[in-house]
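Only one structure is covered here, and it is reproduced in the block below.
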Amino acid sequence: MQAIVLFSHGSVLCGAERNLMELAAFMRERGDAPIVEVAFLNYLPPDLGATIAHCISLGATSVVITPYFLVAGKFVIDDLPAAIARVREEHPSLPIITADVIGFHSAMVDAVIGAIATARPASAWSGERVVEAGSSCRENPRCPLYGSAVCRVHVEVPA
């Protein structure tokens, strides 16, 4: 059974993983693959090793790692192959292939036009997004929202 792993960099910002998690859920519901999971290079769990182990526990017999990047920069060219090499040490018989980065695709035009339709002043956009991100706060002192008024995790902030 084939698994798709959506691989992204990760972020210290609370809630930054939400879009990728929603994409994986949508792909699972749509039936794009029997298993669709996410993995992060930095800052957020799960890392690639944990995600691959989880996919195997769900019955995966092969994995397609899909870099969730627009261009093949350092994270894709250097860091992803190193992470895959570590996974292969633990699962040497598991077929693992890597898809290309998202790059340009004509379907992206509709996504960009959709984003343009939501354009508004930067002050409105940033305030709204900060509150939205705050709804996904977690115990992460590195997050710039951690301990702030918008973060919905109860945090004791030193006076």
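The values are calculated or read from the model by the stated rules, or taken from the named source; none is laboratory data. All values reported here derive from a predicted model rather than from experimental measurement. With ideal geometry, Cβ positions are generated from the backbone for all residues, glycine too; neighbour counts draw on all protein chains shown. Ligands, DNA and RNA are excluded from the accessible area calculation, which covers all protein heavy atoms including side chains. Shrake-Rupley method; radii C 1.70, N 1.55, O 1.52, S 1.80 Å.
Check segment 15-37 and report whether any residue there is touching a Ser or Thr at 6+ places or on another chain (Cβ under 7 Å), assigned to a helix (DSSP H, G or I) and open to solvent by less than 40 Å² (accessible area, probe 1.4 Å).
Of all residues in segment 15-37, those touching a Ser or Thr at 6+ places or on another chain (Cβ under 7 Å) come to 15, 18, 20, 37.
In the following step, the residues that additionally are assigned to a helix (DSSP H, G or I) were identified as 18, 20.
Adding the requirement that they be open to solvent by less than 40 Å² (accessible area, probe 1.4 Å) leaves 20.
Scanning segment 15-37 turns up at least one residue that is touching a Ser or Thr at 6+ places or on another chain (Cβ under 7 Å), assigned to a helix (DSSP H, G or I) and open to solvent by less than 40 Å² (accessible area, probe 1.4 Å).
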Against the conditions (1) among the hydrophobic types (A, V, I, L, M, F, W, C); (2) touching a strand residue (DSSP E or B) at 6+ places or on another chain (Cβ under 6 Å); (3) farther than 12 Å from Ser8 by Cβ, where does Leu94 fall short? Just the number, please.
(2)
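Pick out the one residue from Ile97, Ile116 that is surrounded by fewer than 16 Cβ atoms within 10 Å (Cβ to Cβ) and touching a residue at least 24 places away in the same chain (Cβ under 8 Å).
Values: Ile116 fails: touching a residue at least 24 places away in the same chain (Cβ under 8 Å).
Result of the check over Ile97, Ile116: Ile97.
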With the first residue restricted to segment 66-83 and required to be at positive phi, and the second required to be of a type in the set (S, T, N, Q) and open to solvent by less than 40 Å² (accessible area, probe 1.4 Å), Cβ contacts under 9 Å at 6 or more apart or on different chains are none
Ala50 passes all but one of (1) without any contact (Cβ under 8 Å) to a residue 40 or more places away in the chain; (2) closer than 22 Å to Pro81 by Cβ; (3) outside any helix (DSSP H, G or I); which number fails?
(3)
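For the subset of segment 100-120 comprising residues that are under 22 Å from Val5 (Cβ atoms) and in a loop (DSSP other than H, G, I, E, B), which member is modelled with the lowest pLDDT?
The initial filter retains those residues of segment 100-120 that are under 22 Å from Val5 (Cβ atoms), namely 100-103, 105, 107-108, 111.
Among the residues that remain, those that are also in a loop (DSSP other than H, G, I, E, B) are: 100-103, 105.
On the way: Asp100: 94, Val101: 94, Ile102: 92, Gly103: 90, His105: 87.
Here the residue is His105.
Do the conditions hold for Phe7, that is, is it in contact (Cβ under 8 Å) with a residue 60 or more places away in the chain and under 21 Å from Met108 (Cα atoms)?
Answer is yes for this residue.
Considering only segment 38-47, I want to know if a residue exists there that is open to solvent by 20 Å² or more (accessible area, probe 1.4 Å) and over 23 Å from Ala82 (Cα atoms).
Checked against the condition, which is being open to solvent by 20 Å² or more (accessible area, probe 1.4 Å) and over 23 Å from Ala82 (Cα atoms), segment 38-47 yields no hits at all.
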